[in-house]
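The values are calculated or read from the model by the stated rules, or taken from the named source; none is laboratory data. As the structure is a prediction and not an experimental result, all values here were calculated from the model. Cβ atoms come from the backbone with ideal geometry, glycine included; neighbour counts cover every protein chain shown.
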Amino acid sequence: MPNLMSKDIAHLLDPVKFVEEQLKYNLDDWQKDVLRYESRQLAMLCSRQSGKSTIAALKALHTALHFPGSLTLIVSPSQRQSGEMFKLVAKEMQKLPDQPKKIEDNKLSMTLQSGSRVVSLPSQESTVRGFANPRLVIIDEASRCTDSLYLAIRPMLATSESGQLIVLSTPNGRQGFFFDIFESDSDNWKRITITAEDCPRISEDFLREEKETLGEYFFKQEYFCQFVEGENAVFRYEDILRCFKPDAEALDLWGDDDNGFHAGA
């Protein structure tokens, strides 16, 4: 029993140890950083097939198992996409040598005997407003979720002392809250960027073939994490920004004339 308790404590304190010992994963260094990161906000800008959804699902699983009574929300642009990550969580749970007891288990959510819940939701503002005090919120394919959804999610973490928000995606043009997070120099977010070249499981031959097939625009976006302009964009993002000068003073269109009267009066 003492050895079992020591093992449980070790897995609670170090999710990497839990994943490597219980689920037999050989994690990339950046995936270890994601599992161990405990601060409030984490953003992952990652290539397709780099392992971003898998590591988010493993973090959700660790949270549900080791923090009794916790709530984990998985949000994606559609219920199908949220359901796919939820399936990942359920699949990894099935690998555990000691299966946790469940009091609810369906295609969209599960509740463990400990009171922990994992719930998958579509990207609709109305679906998330009924939840409060989550320990973990994961927004998958965040670049394709609406700003209104993002703004509806943030307040639910207001009274959650240990609550964490994780957003992950490939780029989707130079727009939306996900782009703003990576465009900003704010210290409020930890940002991780993983291109296809950073992933040992993606070969150079595959990338050459993808570049020929997809073309430059989609290739840069899907595999090299570049927020590229939309193919049909009339103006570049940088050109639009140059039209604005935050410190500019307003023009005095109605300045006083020599007689003290306003011009045009």
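Could you pull out the residue among Arg36, Arg80 that is charged (D, E, K, R) and in contact (Cβ under 8 Å) with a residue 12 or more places away in the chain?
Working: Arg80 fails: in contact (Cβ under 8 Å) with a residue 12 or more places away in the chain.
Arg36 is the lone residue from the list that is charged (D, E, K, R) and in contact (Cβ under 8 Å) with a residue 12 or more places away in the chain.
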| task | Among the residues of the stretch 186-205, write down those that are surrounded by fewer than 11 Cβ atoms within 10 Å (Cβ to Cβ) and either without any contact (Cβ under 8 Å) to a residue 40 or more places away in the chain or touching a Leu at 6+ places or on another chain (Cβ under 8 Å) (or both). | result | Ser186, Asp187, Glu204, Asp205
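Looking at the stretch 140-170, which of the residues that are of a type in the set (D, E, K, R) and closer than 19 Å to Ser70 by Cα is modelled with the highest pLDDT? Working first, answer last.
First pass over the stretch 140-170, keeping only residues of a type in the set (D, E, K, R): 140-141, 144, 147, 154, 161.
Then drop every residue that is not closer than 19 Å to Ser70 by Cα, which leaves 154, 161.
Details: Arg154: 94, Glu161: 84.
Among those residues, the one meeting the criterion is Arg154.
Give Ala64, Ala43 a once-over and let me know the one that is over 15 Å from Glu84 (Cα atoms) and over 14 Å from the mean Cα position of the chain (by Cα).
So the residue among Ala64, Ala43 that is over 15 Å from Glu84 (Cα atoms) and over 14 Å from the mean Cα position of the chain (by Cα) is Ala64.
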| query | If you check Arg80, Arg48, which single one turns out to be more than 28 Å from Gln113 (Cβ to Cβ) and part of a loop (DSSP other than H, G, I, E, B)? | reply | Arg48
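Using the structure shown, decide if Ser53 is under 14 Å from the mean Cα position of the chain (by Cα) and crowded, with 24+ Cβ neighbours inside 10 Å.
Details: under 14 Å from the mean Cα position of the chain (by Cα): yes; crowded, with 24+ Cβ neighbours inside 10 Å: no.
Against the criterion (under 14 Å from the mean Cα position of the chain (by Cα) and crowded, with 24+ Cβ neighbours inside 10 Å), Ser53 does not qualify.
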